[in-house]
1. Show me 183-195, 18-30 ranked by packing, highest mean number of other Cβ atoms within 10 Å first.
2. How would you rank 112-121, 51-60, highest first, on the average number of other Cβ atoms within 10 Å across their residues?
3. Any of Lys21/Lys110; Lys70/Lys147; Lys118/Lys147; Lys184/Lys256; Lys110/Lys147; Lys125/Lys204 with alpha carbons more than 24 Å apart? Name them for me.
4. Apply the Karplus parameterisation 6.51 cos²θ - 1.76 cosθ + 1.60, with θ equal to phi minus 60°, to every residue of region 150-155 and state each ³J(HN,Hα) to the nearest whole Hz, in sequence, with x for glycine and proline.
5. For region 170-180, what does the Karplus curve 6.51 cos²θ - 1.76 cosθ + 1.60, with θ = phi - 60°, yield as ³J(HN,Hα) per residue in whole Hz, taken in order and with x for Gly and Pro?
6. For Val137, which sequence-distant residues (separation of 5 or more, or a different chain) have an amide H within less than 5 Å of its own amide H, given hydrogens modelled in the peptide plane?
7. Would you grab the residues whose amide H sits under 5 Å from the one on Ile92? Only those 5+ places off in sequence or on another chain, please, with H modelled 1.01 Å from N.
Amino acid sequence: MPSHSIGSGTISFGLVSIPVKMFSAASSGGVAFNQIHQKCGGRIRQQLICPTCNEVVERSALVKGFEFAKDQYVQFTEDELKTLEGEASRMIDIAEFVPLAQVDPIYFEKTYYLGPDKGGEKAYKLLAEAMEQAGRVALAKFVMRGKENLVLIRPAQDGLMLHTMYFADEVRDFGEVDRGEDAKLKPGELELAQRLLRELTAEKFEPEKYADEYRGRVLAVVESKVEGKEVTSLAPEKQRTQVIDLMDALKQSLGKRGGSSGAESSRAEGGSPRGAVTKLEKKPAARARKAEPAPREKKAGGKR
């Protein structure tokens, strides 16, 4: 758990109040670059330019504007915006409890850890265990930095996490996107796809298996440059063979996985039914050869 909280609040449901502290749960690990003048190596500084007056503008001379029509703005001062902000409140008032499976992850924005503040340990533990046993998460509203947020509180790792969420009108309609509704699947393609899915299925998510390889390569080159070593070009990434036919792609994917894919592929193409004992099932080597046929040799004259 991080040592410094970034804020505090009070979870309220019914007549129960639980003082909590908030901690950042994650931070981006991307690689950041600065704009450098190649000639001298100095970092470039940006200036604010007014194209109408053609002059540099100091930040103290700026006000905020909302564009209500093309190139037409309504101006706001900081004091005016302050009066429109949500009422400063530390209360996280739970509105309802719902199953987590009913909340689409598209609504999640940012995650925070919640820890009990002084005097709230017992009530915090009670809420976390009650929600865990009930299989429910809580929806509430919470004002953070003057902005009203929809938040979800869920039990996790023997504690509580808080997710800020997008409001419904902030999520775009998926119906505006072409999703291939008119595409026609060939017989057997869905079965092969399901078998490939089973081949690649794991019992649980293990995030430590995945790493940002690009960031690792960049940092390795940075270290070499700092040490004054000669930087060589990285080997180009191998391009995957483009397979146009979907059925062929599924068969090749299953063939590369090995194991029992050959016999199952035969059944998918109209071979022996499940449970039947065949020669392929008795001879694994033959099954492997059938799953991944050898390329045909070229004949003289360049014709196949």
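Bear in mind these aren't lab numbers, they're just calculated from the coordinates by the rules spelled out. Nothing here was measured: the structure is a model prediction, and the numbers come from that model. No Cβ is skipped: glycine too gets one built from the backbone with ideal geometry, and neighbour counts run over all protein chains shown.
1. Values: 183-195: 13.2, 18-30: 14.8.
Answer by packing, highest mean first, reads 18-30, 183-195.
2. Numbers: 112-121: 17.2, 51-60: 7.6.
Top to bottom by mean Cβ count within 10 Å: 112-121, 51-60.
3. Details: Lys21/Lys110 16 Å; Lys70/Lys147 27 Å; Lys118/Lys147 26 Å; Lys184/Lys256 26 Å; Lys110/Lys147 14 Å; Lys125/Lys204 26 Å.
Correct reply: Lys70/Lys147; Lys118/Lys147; Lys184/Lys256; Lys125/Lys204.
4. For region 150-155, the Karplus curve yields 8, 10, 10, 10, 9, x Hz.
5. Going residue by residue, I get 8, 9, 6, 6, 5, x, 7, 9, 5, 10, x Hz, with x marking Gly and Pro.
6. Val98, Leu100
7. Counting only residues 5 or more places away or on other chains, the set is Thr10, Ile11, Ser12.
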